[in-house]
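Asks: One structure follows; several queries about it will come next.
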Protein chains: 2
Amino acid sequence: MDGTRATPKPGNAAGASRVTRDAVLSTAMRLVMESGTEGLSMRKLAAELGVAVTSIYWHVGNREALLDELVERVLRDMGTIRVTGTTPVARIVSIAQASRHAILDRPHLISLVRERGLDSLMMLPTRRALVREFAAAGLHGTRAALAVQSVQYQVAGFVMLERALTGLPVEPPLVQAWLDEVAEGDPELARSMYDPADTDTLFDVAVRSIVESLLHEA
Amino acid sequence: MDGTRATPKPGNAAGASRVTRDAVLSTAMRLVMESGTEGLSMRKLAAELGVAVTSIYWHVGNREALLDELVERVLRDMGTIRVTGTTPVARIVSIAQASRHAILDRPHLISLVRERGLDSLMMLPTRRALVREFAAAGLHGTRAALAVQSVQYQVAGFVMLERALTGLPVEPPLVQAWLDEVAEGDPELARSMYDPADTDTLFDVAVRSIVESLLHEA
DNA sequence: ACCTGAACACCGTTCAAGT
DNA sequence: ACCTGAACACCGTTCAAGT
């Protein structure tokens, strides 16, 4: 009933283990990549490192600070956005597309950013590129700010929604019932609405429309 | 040291309290409205009702089922989207605007939907209205599906991002540093980027561009 | 400087037992 | 049918204590 306590440190026979701040951060990152932020607990992280929970606190402060540091790491890894194309519209659309892919390629980034409310941080590389291109296209001051923000909102909003919708097990039954009711008389429409959206096309249509309308008024 | 246990049921001297499923749901809704889904715990809810935690489980199953039920309640309360305007563009833009406001007026809905991944459920009233209007504007089949989804993604993505960004204590210092660097040479732009975005205008520009481009190709 | 265990104040959920 | 307490398996965080 007592006496045996279950061995606490899997890789260490006796005495204190040691970790570096760097080891804490990269193991944390691995856990987040495997199962999102909700898969990262301080206690699981400590166990993974073969160390007492409280050591983690010494190295990184607390869970929030740990997540913030992870966000910055991913951001550094993302680097800058590559711009292609020759016309202003094409170049700005290319920024939006590159941003979307850079973010979608890092699903854990969205997980981190959502929990910590650091959405604006996530968009920094995109903002840099947009400011430059809109300036090159002749927009300055508040007009430029509006243009940059428009595209930025489009990218960030779209991607976060896209991320939230994919991975869901199809539409819940309640939604299907409503769809049938709504699309009666247009069976082709009803069928198209069951399928997952073609997000590449949706994104392209939206971004191109916005950018064209922003630039043609200049 | 022992003997006194602190009175467990604030409103009930002795014996078992009683709750209805309805009381559980509306108290839960109040807690969510006060402090989001993370302010709702089964134990807090039970305490609020003066009942043992386990009673809650008898009435609603578990926490996820409880949240799902709350989503449906808010949705019923939202009702249908009112359409105004005479031209197709104006009518569809009005749907987007009404949807945005209906959702922003219910911040707890976003909180619920985020945690449960029910984004598509949140957009159902909007979808109904959009299907009707695009049909009236002459779009059918897969073209109509693309159009509906475009506007729907725009509204949902924008609103969720808008909600995530507001309530933040301004831009984090790291962002400010980057902005100064990026906007050098255009002080008016730099100033505009510090300010919170004018989301009404941003939304309007984006929606109008998208809807016009969807309809003009018809 | 870095690690430790104990403790506090929380969670969601299950289960056998009461009436 | 509906409520109960006890128990399990988790959380994040603080603190005094060790080396």
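Asks: Return the sequence-ordered ³J(HN,Hα) values of the range B:195-200 in whole Hz as given by the Karplus equation 6.51 cos²θ - 1.76 cosθ + 1.60 applied to θ = phi - 60°, using x for Gly and Pro.
Replies: 5, x, 5, 7, 5, 4
Asks: Considering only protein heavy atoms and a probe of 1.4 Å, how much of the accessible area of the range A:10-76 is carbon and sulfur, as a whole percent? Walk me through the numbers before you get to the answer.
Replies: On the way: 1910 of 3750 Å².
Roughly 51 percent, rounded to a whole number.
Asks: Note down the nm distance, to one decimal, between modelled labels 7 Å out along Cα→Cβ at B:D77 and at B:A47.
Replies: 2.4
Asks: Could you work out the mean count of beta carbons from other protein chains within 10 Å of each residue's beta carbon in A:108-117?
Replies: 1
Asks: Same structure again: When you look at the Cβ of every residue in B:129-137, what mean number of other chain Cβ atoms sits within 10 Å? Write out the running numbers ahead of the final one.
Replies: On the way: counts 1, 1, 8, 1, 0, 1, 4, 0, 0.
What the average comes to for B:129-137 is 2.
Asks: With all protein chains present, calculate the accessible area of B:V51 using a 1.4 Å probe and round the result to the nearest 10 Å².
Replies: Around 20 Å² of this residue is reachable by solvent.
Asks: Just to check I understand the Karplus step: with θ = phi - 60° and J = 6.51 cos²θ - 1.76 cosθ + 1.60, what whole-Hz values come out for the range B:29-40, glycine and proline as x?
Replies: 4, 4, 4, 5, 5, 6, 8, x, 5, 6, x, 9
Asks: In debye, nearest 20, what is the charge dipole magnitude of the range B:10-76 about its Cα centre with +1 on Lys and Arg Cβ and -1 on Asp and Glu Cβ, if you could check?
Replies: 180
Asks: Could I ask something else about it? Kindly rank A:153-159, A:31-37 from highest to lowest mean number of other beta carbons found within 10 Å of each residue. Working shown, then result.
Replies: On the way: A:153-159: 25.9, A:31-37: 16.9.
Ranked from most to least packed, the peptides come out as A:153-159, A:31-37.
Asks: Now for a separate question. Based on alpha-carbon centroids, what's the gap between the range B:63-96 and the range A:42-63 in Å, whole number please?
Replies: 45
Asks: In addition: Which whole number gives the average count of other chain Cβ atoms within 10 Å of the Cβ atoms across peptide A:143-153?
Replies: On the way: counts 3, 6, 12, 6, 1, 6, 8, 7, 2, 3, 12.
The per-residue average across the peptide is 6.
Asks: Through the Karplus equation 6.51 cos²θ - 1.76 cosθ + 1.60, θ set to phi - 60°, convert the phi angles of the range B:75-83 into ³J(HN,Hα) values in whole Hz; use x for Gly and Pro.
Replies: Whole-Hz 3J(HN,Hα) from phi for the range B:75-83: 5, 4, 5, 5, x, 9, 8, 7, 9.
Asks: While we're on this one: With contacts defined as alpha carbon pairs under 8 Å and 6 or more residues apart, what's the relative contact order of the range B:79-216 in percent? Please report the intermediate quantities before stating the final value.
Replies: Details: 97 pairs, mean separation 39.7, N = 138.
Reported as a whole number, the value is 29 percent.
Asks: Determine the order of B:Y57, B:Y194 by accessible area, beginning with the largest, at a probe radius of 1.4 Å.
Replies: B:Y57, B:Y194
Asks: As a test of the definition: with a 1.4 Å probe, what buried accessible area, both sides summed, do you compute for B against A, in Å² to the nearest 100? Could you put the intermediate results ahead of the total?
Replies: Details: alone 13340 and 13350 Å², together 21660 Å².
Counting protein atoms only, the buried area is about 5000 Å².
Asks: Moving to a separate point now. Under a 1.4 angstrom probe, counting protein chains only, how are A:E162, A:E64 ranked by accessible area, largest first? Can you show the working numbers first?
Replies: Details: A:E162 15, A:E64 105 Å².
Descending order: A:E64, A:E162.
Asks: Taking each label point as 7 Å beyond Cα in the direction of the beta carbon, state the distances from B:N62 to the same residue in the other copies, shortest first, in nm.
Replies: 2.9
The values are calculated or read from the model by the stated rules, or taken from the named source; none is laboratory data. Since we're looking at a predicted model, the values are computed, not measured. All Cβ positions, even for glycine, are placed from backbone atoms using ideal geometry, and neighbour counts span all protein chains on display. Areas reflect the complete protein model, heavy atoms only, side chains present, ligands, DNA and RNA absent. Shrake-Rupley method; radii C 1.70, N 1.55, O 1.52, S 1.80 Å.
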